[in-house]
Every structure is written in C-alpha cells, then in structure tokens.
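S.K.: Just passing along the structure, written as structure tokens.
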Amino acid sequence: MQEKKKLGEILVKRKLITSEQLKEALEIQSAVEDTYVQELFLDRDIINAKNLKKAQEEAKKQNKKLKDVILEMKLASPHDVEEIFSLIRKFPFIYLSLHSKEIEKETVMLVPEKLARHFCLIAISHEDAYVNVVMSDPTNIVAIDNIRSNTGYEIIPLLSTRKEINEAIEKYYGESDMATNIPDLKDISFSAEAEEAKEQENVDLAQLKVQVKDPPVVRYVNSILFKAIEDKASDIHMEPAETEIFVRNRVDGVLRQLPPPPKKTYPAIVSRIKIISNLDIAERRLPQDGRTKAKIGAKEVDIRVSIIPTIYGEKVVMRLLDKTTMLMGLEELGFEKGGLDIFKEAISSPYGMVLLTGPTGSGKSTTLYGALNFINSPEKNILTVEDPVEYELKGINQVQVKPQIGLTFANCLRTFLRQDPDIIMVGEIRDKETAEIAIQSALTGHMVFSTLHTNDAVSVITRLAYMGIEPFLISAALRLSVAQRLVRKICPKCKVPEKISEEVLKRIAKDIDIKDKNLTFYKGEGCPECNNKGYKGRIGLYELFQITPEVRKTINDGKSEEEIKIIAKEQQKMVTLRESGIQKALAGITSLEEVLTSTLTYE
C-alpha cells in the first residue's frame with residue numbers, strides 16, 4: 001500500500017494524474033484489498049461471518065480501515081491480522097470462478113490430482129519454464145517443492161480461498177476418466193460379477209465384454225461409488241440425455257450434480273453396473289432390478305440397482321444401504337421425549353399393530369429396524385418379510401419376497417402363523433390380502449409392525465378402509481400409527497441465528513404461540529465442514545396417533561378423518577409433523593425453511 005502511494009505521488013508530481021484520481025484509485029485499491037482480506041479471514045476460520053459483518057459496518061461508520069477495526073474489536077490476534085495482510089501483499093489474489101474460461105484443462109492436469117487435493121492447489125496457466133499455481137497457502141514450501149519435482153516447472157504461487165480452489169478441483173479433475181483419490185481396483189470388490197452374458201440379436205456382446213473390463217470404465221464405476229459412500233449419499237442417479245449424461249448423488253435428501261462421463265462411454269458403464277449386479281447386459285429393452293455388495297477396505301455397503309430404458313438410453317439408479325447408519329438406536333432417530341416413551345410402550349406390547357407411514361425415503365425402514373433391535377431378545381421369536389431385506393439383524397429370521405415364484409407378502413404371512421411367532425414385521429402393506437392377514441395376526445396374539453404410504457398418521461384409518469378392511473377390525477388391531485419425515489440438520493460449525501419475517505411467522509401461527517416476539521430460529525451459513533451447504537445429516541420428525549377408547553369409538557361410528565383428527569388433537573394433544581419440526585427448529589437442530597418445505601399445517 002505504501003509503495004503504491006509513493007508511486008502515485010510521483011505520478012501526481014509529474015502531472016500524469018491528478019490528486020483526485022490518485023485518491024479515487026487508492027480507495028478502489030483499498031476496497032478490493034478489503035474484499036480479499038474478508039475472504040481469507042472466513043476461509044481460515046479466524047473470524048466468523050457474523051463478527052466480520054459487524055466489523056465492516058463499524059469500519060464504514062467510523063471511516064476507518066477494516067484492519068484497524070478488527071484489532072480494536074479484538075476479533076483476531078495481531079499475528080493473524082498481519083499474516084492475512086502479508087499474504088495479500090506478497091501474492092496476487094485470484095477469484096478462480098471469474099477466470100474459468102481462461103483455464104485450460106491440459107494445464108490443470110500438469111499437477112497430479114492427488115497432490116492438488118492434498119495441498120489444496122490448482123495450476124491455471126503456464127509459459128516457458130513457469131507455471132502459475134493457485135494455492136490456499138502459497139507459503140507452503142513443501143507443496144511448491146512437490147509440484148516442481150512432479151512437473152519440472154518453476155512455480156509462481158498465487159492466492160485464493162479453499163472454497164474456490166476445491167470447486168475448481170471438482171470441476172476439472174472430476175471430468176477426467178479416472179479419479180486418483182479412490183482405492184486401487186483390487187481394493188474394491190463386488191459380491192456378484194457375472195463373467196458371461198446371454199446372447200441376443202442386434203447386440204455386439206463381444207465388444208461389450210471387452211469394454212466393461214476396460215480400466216477407465218471399471219475405475220469410473222468404482223469412483224462414483226466411492227464418492228457416494230464418502231459423501232454419505234443414499235442414491236446415485238445416472239441419466240442419459242440427447243447429447244450428454246447427467247450424474248447426481250442424493251445427499252441428505254437433496255440431489256447434487258456430479259461431473260459426467262463422456263457420452264460415448266455410457267453404454268459400457270451401464271454394462272459394467274449390470275455385471276456387478278448380476279444382470280443381463282444384453283437386455284436393453286426391459287427394466288431390470290439387481291443388487292450387489294461393495295466392499296471398500298473394511299466397509300461393506302449393500303447396493304440396490306434399478307435400470308429402466310428411456311428414449312436416450314438406460315437410466316440407472318443405485319440405492320446405497322450403509323449398514324453402519326442403517327441400525328440406529330431409537331434415541332438417535334429424532335423422537336421428542338414424550339413421543340419416544342409412547343413409541344417404546346407400543347412396540348413392547350404383547351399383541352396389536354404398529355404402523356409407520358410416510359413417502360418413500362422418509363426413514364420408515366430405519367425406524368422399524370430400530371424398533372426391532374430395541375425389542376430383540378432370545379426369548380422372542382421374530383420373523384420379518386421384506387422387499388428387499390435391507391439390513392441383516394442377528395437373532396431375527398428374515399425372508400426376502402420373490403413374487404416370480406409365488407413368495408409374496410401374503411403367502412409368507414400365512415406361513416409365519418405356523419412358525420410360532422411372537423413378533424412379525426411386514427415390509428409394506430400393499431393390498432387387501434396382506435392387510436387382512438396382518439390384522440388377523442394382530443388380533444390373535446401377535447405383535448405386528450408394518451409400513452403404509454399415507455400423508456399423516458390419522459390417514460392410516462382411511463387408507464385401510466379404502467383397501468376394504470372393516471372399521472371395527474382396524475380399531476381393534478391398531479395400537480399406534482406413526483407418520484414421519486426426514487429433514488436436514490443444521491451444520492453445527494456454521495450455525496447462526498436467523499431473522500424470520502412477519503409473513504413467515506403468520507404462516508406458523510396456527511402451529512405455535514407466537515406471542516413471544518423473541519423466538520429464535522437458526523440457519524447454516526455454509527462452511528468447509530458441510531461443503532458450504534449449511535446442512536449436515538438428517539433427523540426425523542414424528543407424529544404419533546394413539547388408538548384410545550375415544551378414538552376407537554369414533555372409528556367404529558364411521559366418523560370422518562377430519563373428526564378423528566380433532567379428537568386426536570384435543571384429547572391426545574397429538575404433536576403434528578409441523579409442530580415437531582418447529583420444536584426442532586427452535587432447538588437449533590433444523591431450519592424453519594426446511595420444516596415449512598417438508599410439512600403441512602393441519603386445517
């Protein structure tokens with residue numbers, strides 16, 4: 001800054017610029033420098049966003065430099081402040097997002113991906129014997145020496161934030177045929193890998209067999225699985241379009257775009273997925289379902305594969321079932337204390353039925369497995385019929401349905417009753433026959449768990465009646481209905497209070513008492529810990545509907561769903577999904593926005 005001022009004074013003295021132009025240039029330069037400084041303070045977690053904003057406002061109000069205000073407010077140590085300003089003075093700051101069109105992929109690839117990720121750096125341009133490398137820490141001599149010895153170029157270090165560099169790394173290295181940060185091919189294995197395929201007309205099987213064993217294809221499939229497991233994704237979507245391929249991971253319930261493979265390699269990639277799932281690689285006209293197990297080191301993940309033909313090729317969805325996250329204790333799922341006590345009491349009953357409701361992907365299976373694990377003991381004979389068996393439970397007899405050979409939910413249930421069961425778990429009630437046998441089991445001394453697709457807990461009554469079950473049978477068998485949803489949890493590292501507008505407060509007025517104007521809600525600002533999403537992990541919202549004598553009489557009298565809801569709210573003080581979500585939002589577990597987009601208010 002001082003050198004620039006001296007230069008400016010010389011230019012003014014020689015009448016090349018005016019004093020006003022010098023002042024304006026210095027102000028612009030100072031503002032730009034402050035912007036870089038702010039980015040670096042946040043990037044290194046020296047000052048959080050809230051305190052930095054306060055410092056900016058104070059600097060503007062007092063017409064002082066940001067550096068001086070930060071020191072006065074003691075938001076950072078003199079050493080940290082000096083270090084940040086020293087970096088700015090010594091190394092040019094680069095916004096990679098603004099220079100993306102100028103960066104050539106060949107230049108990026110001069111630096112091995114493993115080194116780029118390890119040291120958080122990326123090469124952006126080179127000329128003669130020099131290469132410009134953007135680094136989060138340009139003073140790192142070890143990193144510079146590594147790059148120099150690997151590339152043979154002299155290094156010119158430039159400065160940027162970790163966020164900018166990591167996004168660039170994902171963009172450029174993700175597009176390469178191979179990801180070097182995944183395990184070696186020998187370190188990832190699959191339970192099913194067919195060596196031969198059935199021959200059909202119009203398919204060049206010989207060429208397919210060669211392509212699917214090609215290392216780039218094998219490594220690409222391994223890399224997307226490894227990336228999904230590392231990100232704790234629940235699903236991988238691969239979708240062909242007319243001129244490109246879309247690849248997305250579902251993380252915490254939200255799909256995230258990934259770098260795609262070249263269009264020409266897509267048929268071989270799909271065939272590779274079919275092979276490891278023990279499917280027919282020659283069949284491209286009909287849907288296929290398969291499964292496999294991927295073992296990466298000591299970690300084993302079940303993978304369910306679904307393939308359907310579309311107008312531009314085959315669409316693949318792989319659902320990942322991580323055994324380490326599938327079996328959770330009931331206390332970890334998200335029940336409020338009172339609700340957890342009600343749920344434990346219901347599932348511990350000697351007979352009756354407990355139903356879990358909600359859309360696909362709402363966590364019903366995880367809650368069911370938690371319930372089975374809670375009540376499992378050598379004194380109980382527990383049988384389950386599932387499609388598919390998602391998690392193997394020790395001491396529990398689990399059956400996988402196979403409709404193609406007549407092994408259906410209904411047939412399994414009939415056989416179960418001759419197996420002297422104490423507890424029966426039915427993966428899903430899909431038809432009248434299964435519903436009738438499940439209710440008969442609950443009425444003849446067995447405890448039955450199952451799932452149903454409805455929007456809320458009370459709608460279970462309407463759904464079963466629609467299937468053709470008599471109301472008096474429903475009220476006699478059912479003990480508890482539980483509706484659930486999954487919402488994203490705020491990242492604890494970047495959680496800050498959030499100001500809620502009057503309009504939004506009016507929307508939730510039906511669900512909570514908003515007389516207290518000091519209600520505090522929270523949000524995640526985004527940080528490296530949560531990949532700048534503001535959320536990390538998910539938790540359940542629960543709505544519990546008990547079948548009390550009053551409710552039983554209302555059901556037997558044929559009252560409407562709305563009337564039953566009124567009784568549940570007034571007599572049971574039933575906490576709805578929306579109310580459960582708002583309680584968690586006030587506790588700082590999730591955001592109000594997440595609750596409002598996942599639940600509805602009871603009218």
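The values are calculated or read from the model by the stated rules, or taken from the named source; none is laboratory data. Small disclaimer: the values here were computed from a predicted structure and weren't measured. Note that we place each Cβ from the backbone using ideal geometry, even for glycine, and neighbour counts take in every protein chain shown. Surface accessibility is based on the protein's heavy atoms, side chains included, excluding ligands, DNA and RNA. Shrake-Rupley method; radii C 1.70, N 1.55, O 1.52, S 1.80 Å.
S.K.: Just to be sure I understand the filter: pairs with C-beta atoms under 7 Å, separated by 6 or more residues or on different chains, first member in the stretch 97-110 and more than 13 Å from Ile165 (Cα to Cα), second member open to solvent by 70 Å² or more (accessible area, probe 1.4 Å). Which pairs pass?
M.R.: So the pair list comes out as Thr107/His126; Leu110/His126.
Okay, residues lined up against (1) crowded, with 19+ Cβ neighbours inside 10 Å; (2) among the polar types (S, T, N, Q):
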| residue | (1), (2) |
| --- | --- |
| Arg250 | yes, no |
| Gln257 | no, yes |
| Ala282 | no, no |
| Ala294 | yes, no |
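S.K.: A further question on this structure: If I filter the stretch 585-603 down to residues being assigned to a helix (DSSP H, G or I) and open to solvent by less than 10 Å² (accessible area, probe 1.4 Å), which single residue comes out as nearest to Leu486 (Cα to Cα)? Show your work before the answer.
M.R.: First pass over the stretch 585-603, keeping only residues assigned to a helix (DSSP H, G or I): 585-586, 592-598.
In the following step, the residues that additionally are open to solvent by less than 10 Å² (accessible area, probe 1.4 Å) were identified as 585, 592, 595.
Details: Ala585: 13, Leu592: 14, Val595: 9 Å.
The residue in question is Val595.
For (1) closer than 27 Å to Glu392 by Cα; (2) within 28 Å of the chain's Cα centre (by Cα), each residue gets a yes or a no:
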residue	(1), (2)
Leu413	yes, no
Phe416	yes, no
Thr444	no, no
Arg463	no, no
Val487	yes, yes
Glu498	no, yes
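S.K.: Scanning the stretch 394-412 for residues that are touching an Asp or Glu at 6+ places or on another chain (Cβ under 9 Å) and part of a helix (DSSP H, G or I), which turns out surrounded by the fewest Cβ atoms within 10 Å (Cβ to Cβ)?
M.R.: Among them, the one singled out is Pro403.
S.K.: Could you tell me whether any residue of the stretch 277-296 is of a type in the set (Lys, Arg), in a strand (DSSP E or B), modelled with pLDDT under 90 and within 20 Å of the chain's Cα centre (by Cα)?
M.R.: Taking the stretch 277-296 as the starting set, the residues that turn out to be of a type in the set (Lys, Arg) are 284-285, 291, 293, 295.
Next, from what is left, pick out any that are in a strand (DSSP E or B): 291, 293, 295.
Checking the rest, the ones that are also modelled with pLDDT under 90 come to 291, 293, 295.
When the remaining residues are screened for being within 20 Å of the chain's Cα centre (by Cα), the result is none.
So far as the stretch 277-296 goes, no, none of its residues is of a type in the set (Lys, Arg), in a strand (DSSP E or B), modelled with pLDDT under 90 and within 20 Å of the chain's Cα centre (by Cα).
S.K.: Select the helices (runs of 4 or more DSSP H) contained entirely in the stretch 317-379, then report the ones holding at least 3 residues which are within 23 Å of Ile437 (Cβ to Cβ) and at pLDDT 90 or above. It would help to see each step written out before you state the result.
M.R.: Working: elements: 323-326, 337-347, 364-375.
So the answer is 364-375.
S.K.: Wholly within the stretch 74-175, which helices (runs of 4 or more DSSP H) include no fewer than the required count, namely at least 2 residues that are aliphatic (A, V, I, L, M) and in contact with a helix residue (DSSP H, G or I) (Cβ under 8 Å, 6 or more places away or on another chain)? Can you show your working first?
M.R.: Working: elements: 78-90, 105-108, 113-119, 141-151, 162-173.
Once the helices (runs of 4 or more DSSP H) in the stretch 74-175 are filtered for at least 2 residues that are aliphatic (A, V, I, L, M) and in contact with a helix residue (DSSP H, G or I) (Cβ under 8 Å, 6 or more places away or on another chain), what remains is 78-90, 113-119, 141-151, 162-173.
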